[in-house]
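To start, the structure itself, in structure tokens.
FYI, it's all coordinate maths here, none of it is from the lab. This is a predicted model, so every value here is computed, not measured. With ideal geometry, Cβ positions are generated from the backbone for all residues, glycine too; neighbour counts draw on all protein chains shown.
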Amino acid sequence: MKIAIASDHAATGLKAELRDWLTEQGHEVTDLGPDNNDSVDYPDFGYKLASAVADGSAERGVALCGSGIGISMSVNRNPAVRCALVGEPLSAALAREHNDANCIAMGARLTGSDMAKACLTAFLNTDFAGGRHQRRVDKLSNPSC
């Protein structure tokens, strides 16, 4: 799967670890930055991630910041993207199954490496259920549905 990953300065360590782990799992990973711990603005990287998913450069996105909150908000500004902030695998699976989430957000200060990997595994291995959920997902991008 093609996966884009981005963070702010608070999550570069977790981003690097997850990028390498996803690559080891056989995924094609694009790291959208940043490349160091210098202070950056999370919206800049959230917007990059959302654009990559929206334009099809990536099938899924992984957004990371200190809490996961700020970057998830910026990713969700793009109407083609549905980013779920998660901290455990059940939420990650349900975000895919019920909400057809195409991005996942986590907080590096709140979610350890093993839990982040468990969330990603659930997220990447769960299919969208469709059915009754589809009309709800359609309304996320087009409220007049």
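Given the peptides 39-51, 122-134, arrange them by the average over their residues of other C-beta atoms within 10 Å, most packed first.
On the way: 39-51: 20.0, 122-134: 14.1.
Final packing ranking: 39-51, 122-134.
Could you give the radius of gyration (one decimal) and Dmax (whole number) of the Cα atoms in the chain, in Å?
Gyration radius and largest Cα-Cα distance of the chain: 14.0, 45 Å.
Kindly write out, for segment 52-64 in residue order, the coupling ³J(HN,Hα) from the Karplus curve 6.51 cos²θ - 1.76 cosθ + 1.60 (θ = phi - 60°), rounded to whole Hz, with x marking Gly and Pro.
Ordered by residue, 3J(HN,Hα) equals 5, 6, 5, 8, x, 4, 10, 7, 9, x, 10, 10, 9 Hz.
Highest mean first, what order results for 90-97, 5-12 on Cβ atoms within 10 Å?
Numbers: 90-97: 19.0, 5-12: 25.2.
With the highest mean Cβ count within 10 Å placed first, the list reads 5-12, 90-97.
Hey, quick one: spin label on residue 144, modelled 7 Å out along Cα-Cβ, who in segment 73-111 has an amide N within reach, i.e. under 20 Å?
Only 78-81 pass the distance filter.
Is there a quick way to get the dipole size of the chain? I mean about its Cα centre, with the Cβ of Lys and Arg at +1 and of Asp and Glu at -1; what is the value in debye to the nearest 20?
Result for the chain is approximately 640 debye, rounded to the nearest 20.
Quote the FRET efficiency, to the nearest 0.05, computed for residue 80 versus residue 125 with a Förster distance R0 of 25 Å and r equal to the Cβ-Cβ distance.
On the way: r = 23 Å, r/R0 = 0.91.
Step by step, r from the Cβ atoms, then E = 0.65.
Which aspartates and glutamates, on any chain, are close to residue 139 with Cα under 20 Å apart, when same-chain ones fewer than 8 places away are left out?
In chain and number order, the partners are 55, 97, 100, 127.
Spelling out what I want: for every residue of segment 70-79, take phi, set θ = phi - 60°, compute 6.51 cos²θ - 1.76 cosθ + 1.60 (Karplus), and round to whole Hz; glycine and proline get x.
Taking θ as phi minus 60°, the curve returns x, 5, 5, 4, 5, 4, 6, 5, 8, x Hz for segment 70-79.
Where in segment 91-116 does the label zone of residue 17 land, with the point 7 angstrom along Cα→C-beta and an amide N cut-off under 15 Å?
So the set is 106-116.
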